[in-house]
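Notes follow once the structure below has been shown.
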Amino acid sequence: MRERAVDRQPGLSVRLKLTLSYAGFLMLASALLIAVVWVFLLRYVPDSEVMYGPGGFIPNRSDLWRAFAPRAGTALIFLLVFGLLGGWLLAGRMLAPLDRIRDATRRATNGSLSHRIELEGRNDEFRELADAFDTMLARLEAHVAEQQRFAANASHELRTPLAISQTLLDVARNDPDHRTGELVESLHAVNARAIDLTEALLLLSRADQRSFAREHVDLSLIAEEAAETLLPLAERRGVTVEASGDITPTVGSHALLLQMTTNLLHNAIVHNLSRHGAVWVNTAVGPGAVLLTVENTGERLAPQLASTLTEPFQRGTERIRGDHAGVGLGLAIVKSIVQAHDGTLTVVARPAGGLRVTAQLPAVRGG
Ligand SMILES: Nc1ncnc2c1ncn2[C@@H]1O[C@H](COP(=O)(O)OP(=O)(O)OP(=O)(O)O)[C@@H](O)[C@H]1O
Ligand SMILES: [Mg+2]
């Protein structure tokens with residue numbers, strides 16, 4: 001399949017161009033060499049016929065030219081043919097990797113991302129190009145797979161509340177007494193959950209699009225704001241929240257950064273011990289970066305599990321308390337927000353149990 005995004009004038013192939021340059025250069029060099037030989041020969045031959053010795057002539061320049069020119073011509077023609085042929089073969093060999101790269105590009109264009117060039121041989125410009133292309137393909141393939149997983153999970157999650165509503169309605173229809181009070185309650189709860197999920201999905205795509213206004217903000221103020229809002233929840237659950245830290249100026253969307261901090265703090269409160277839980281929020285300024293760290297007590301988590309929690313719809317171990325049925329998008333949203341602000345997110349399991357989550361964002365001087 002040959003698809004052309006841009007219509008271009010047809011041109012000579014690179015192989016032909018290289019061949020012509022090889023042959024051209026060979027002709028030029030040969031002509032120069034022949035000229036040098038000619039000049040050299042001239043020094044030994046007199047201008048006109050002279051008597052030499054008894055009764056003998058030595059050849060003059062025009063004799064020499066008559067003898068020299070046809071042979072030089074033949075040599076040049078031979079060299080031309082040699083140059084064209086050799087150039088064609090050499091150029092073909094040099095450009096062979098390009099064919100493989102082009103084939104791989106065509107396959108990728110047609111949607112096959114699993115193919116790799118895997119160019120062998122030593123490191124040179126073609127090898128570098130092919131390796132870079134392979135790396136790009138690998139990342140693209142992983143990205144597409146992730147998107148597909150995400151779409152499948154999202155559809156599954158969205159179907160769940162609909163299926164539950166359907167079951168509730170079926171049960172109510174077959175109920176001879178037609179009691180609707182309970183039904184309305186249950187449907188309301190299921191619907192609220194579906195709205196939460198949809199809103200979380202919208203937020204995720206908004207952070208991914210990176211289309212938000214940036215302003216100077218202070219992370220420590222945002223952390224305070226989030227802590228204030230969530231304090232009643234913490235009190236209900238018997239969790240203490242300690243906030244500390246310096247002024248941490250950065251640039252970003254106030255609303256999104258508040259969402260990020262709220263999600264982290266909310267997680268730290270709800271995924272905590274059932275009694276005497278603690279949460280520590282800290283903001284700090286490092287070299288070139290500002291840090292927001294949220295740490296909490298809780299169940300022990302496997303270290304390798306911690307890094308997977310930021311994937312969408314990933315929930316940790318089975319929930320010990322049934323009253324917080326999360327959507328599983330909280331940390332995915334945090335990660336998207338951090339990445340949209342050119343920062344990095346690290347999630348580590350604390351050895352004593354619970355989690356430590358650090359968001360690192362670029363610092364602004366004098367913010
Ligand atoms: N601070 C934390 N301490 C312990 N476990 C945590 C913490 N934060 C997240 N987790 C674990 O990671 C999982 C994913 O968290 P995430 O915030 O993405 O989803 P969620 O809290 O379950 O749902 P929601 O979308 O409502 O936030 C949680 O289910 C929980 O098991
Ligand atoms: Mg959460």
In degrees, nearest 10, range 0 to 90: what is the angle between the Cα axis of helix 14-42 and the longest Cα principal axis of the chain?
30 degrees
Listed residues PRO232, PRO161, PRO249; largest mean-square fluctuation, Gaussian network over the chain with Cα springs below 10 Å, found at PRO232
Accessible-area composition of region 133-186, carbon plus sulfur, in percent [1.4 Å probe]:
58 percent
Please list, in chain and number order, the residues 5+ apart from ALA363 or on another chain whose amide H is under 5 Å from its amide H, with Hs placed from the backbone.
ALA289, VAL290
How big is the dipole moment of the chain about its Cα centre under a simple scheme where the beta carbon of each Lys and Arg is +1, that of each Asp and Glu is -1, and everything else is neutral? Debye, nearest 20, please.
1540 debye
Could you estimate the translational diffusion coefficient of the chain from the Stokes-Einstein equation, with Rh from the Kirkwood formula over C-alpha pairs, at 37 °C and 0.692 mPa s, in whole µm²/s?
116 µm²/s
Centroid-to-centroid separation of region 138-173 and region 108-122 [C-alpha atoms, Å]
33 Å
Please determine, in degrees from 0 to 90 and to the nearest 10, the orientation of helix 219-236 with respect to the longest principal axis defined by the Cα atoms of the chain, where the helix direction is its Cα long axis.
40 degrees
Farthest positive-ward along region 172-249 dipole, Cα basis, beta-carbon charges - from PHE212, THR248, ALA234
PHE212
If you put +1 on each Lys and Arg Cβ and -1 on each Asp and Glu Cβ, how big is the dipole of region 173-237 around its Cα centre, in Debye rounded to 20?
280 debye
Using 7 Å Cα-to-Cβ label points, what is the LEU169/THR105 separation (nm, one decimal)?
5.3 nm
Surface per residue (accessible, 1.4 Å probe) for the chain, Å²:
65 Å²
Most to least accessible of GLU118, GLU311 (protein chains only, probe 1.4 Å):
GLU118, GLU311
Once both axes come from the Cα atoms, what is the angle between helix 254-270 and the longest principal axis of the chain, in degrees from 0 to 90, rounded to 10?
60 degrees
When the chain is treated as a GNM, springs tying every alpha-carbon pair under 10 Å, which of ALA145, ALA108, ALA35 comes out with the largest mean-square fluctuation?
ALA35
Using 1/(1 + (r/R0)^6) with R0 = 45 angstrom and r between the beta carbons of VAL348 and VAL14, what's the FRET efficiency to the nearest 0.05?
0.30
Would you work out which of ASN60, ASN296, LEU79 lies farthest towards the positive end of the dipole of the chain? Charges go on Cβ: Lys and Arg +1, Asp and Glu -1.
ASN60
What is region 142-259 by shape, rounded, prolate or oblate, if you read a ≥ b ≥ c off the alpha carbon gyration tensor as root eigenvalues and call it rounded for a/c under 1.5, prolate for a/b larger than b/c, and oblate otherwise?
oblate
Heavy-atom accessible area of region 217-367 with neighbours in place, 1.4 angstrom probe: carbon+sulfur share in percent works out to 53 percent
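The values are calculated or read from the model by the stated rules, or taken from the named source; none is laboratory data. Only a predicted model underlies this, so the values are computations on that prediction, with no experimental measurement involved. Reconstructed Cβ throughout: ideal geometry from the backbone, glycine too, with neighbour counts over all protein chains shown. With ligands, DNA and RNA removed, areas are computed over all heavy atoms of the protein, side chains included. Shrake-Rupley method; radii C 1.70, N 1.55, O 1.52, S 1.80 Å.
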